[in-house]
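A.B. asks: First the structure, which I've put down as C-alpha cells, then a few questions once you've had a look.
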Amino acid sequence: MWEVEYTDEFEQWWRTLTHKFEKLEKKMDSKRVKQAKARAKEIMAEMLLAEIRKEAGFTQEDLAKVMGIKQPSLSKLESQDDIQISTLQRLIQALGGQLELIVHMPAGDIRISQFKA
C-alpha cells in the first residue's frame, strides 16, 4: 500500500490526472474503460482518512471543530496506524458518512453490528 500525503499539490496533480483520464477514456474501447474504472474503484477503497476528509470538503480545522477536538488531535488521529472503532465512527459521522464493519471470511462476508451508533 502506498502512503500518500494529501497536499494541495497532490490534489492539483490528481485533478490533472483525472482530467487526462477523461480525455483518454473517450478514445478507449468499453472493455478497457470497465477495467480502468474497476481499478480506480479499488484505489478509492484504500483511501487514507486524510484523503477521505479532503474528498468530503473538510479542512482539519473544520472537522476538528465538528468533532469537538483540537486540530492537532485530528492530525494525530489521521496519521495513526491504529484507532478505536468508536473514534473512527465519530470521525466518519462528522464527515457525513456511516461506518460499516464487514469481515471477509472464507465462508462469506459477515457484517458486524454490535458497534452501530
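A.B. asks: Which value in deg cm²/dmol, rounded to the nearest 500, describes the helix-derived mean residue ellipticity at 222 nm for the chain, given -39,500 (n - 2.57) per DSSP H run of n ≥ 4 and division by the residue count?
C.D. replies: Mean residue ellipticity, 222 nm, calculated: -17500 deg cm²/dmol.
A.B. asks: Gaussian network model of the chain, Cα springs within a sub-10 Å range: biggest mean-square fluctuation belongs to which of 38, 64, 50?
C.D. replies: It is 38.
A.B. asks: In percent, what relative contact order does the chain have, based on Cα pairs under 8 Å that are 6 or more apart in sequence?
C.D. replies: 14 percent
A.B. asks: Quick one: order 29, 81 by neighbouring beta-carbon count within 10 Å, fewest to most.
C.D. replies: Ordered from fewest to most neighbouring Cβ atoms within 10 Å, 29, 81 come out as 81, 29.
A.B. asks: To the nearest 0.05, what FRET efficiency results for residue 43 and residue 70 with a Förster distance of 30 Å applied to their C-beta separation?
C.D. replies: Computed FRET efficiency for residue 43 and residue 70: 0.45.
A.B. asks: Hey, of (i) 133; (ii) 146; (iii) 105, which did the structure itself give for volume of the Cα convex hull per residue in Å³ when calculated?
C.D. replies: Matching entry in (i) 133; (ii) 146; (iii) 105: (ii).
A.B. asks: How many nm separate the modelled label positions at residue 35 and residue 100, each set 7 Å beyond the Cα in the direction of the Cβ?
C.D. replies: My value for the distance between the label points is 2.9 nm.
No lab work stands behind these numbers, since they all come straight from the coordinates. Since the structure is predicted, the reported quantities are computational estimates derived from the model, not experimental observations. Glycine also receives a Cβ, built like all others from the backbone with ideal geometry; neighbour counts cover every protein chain displayed.
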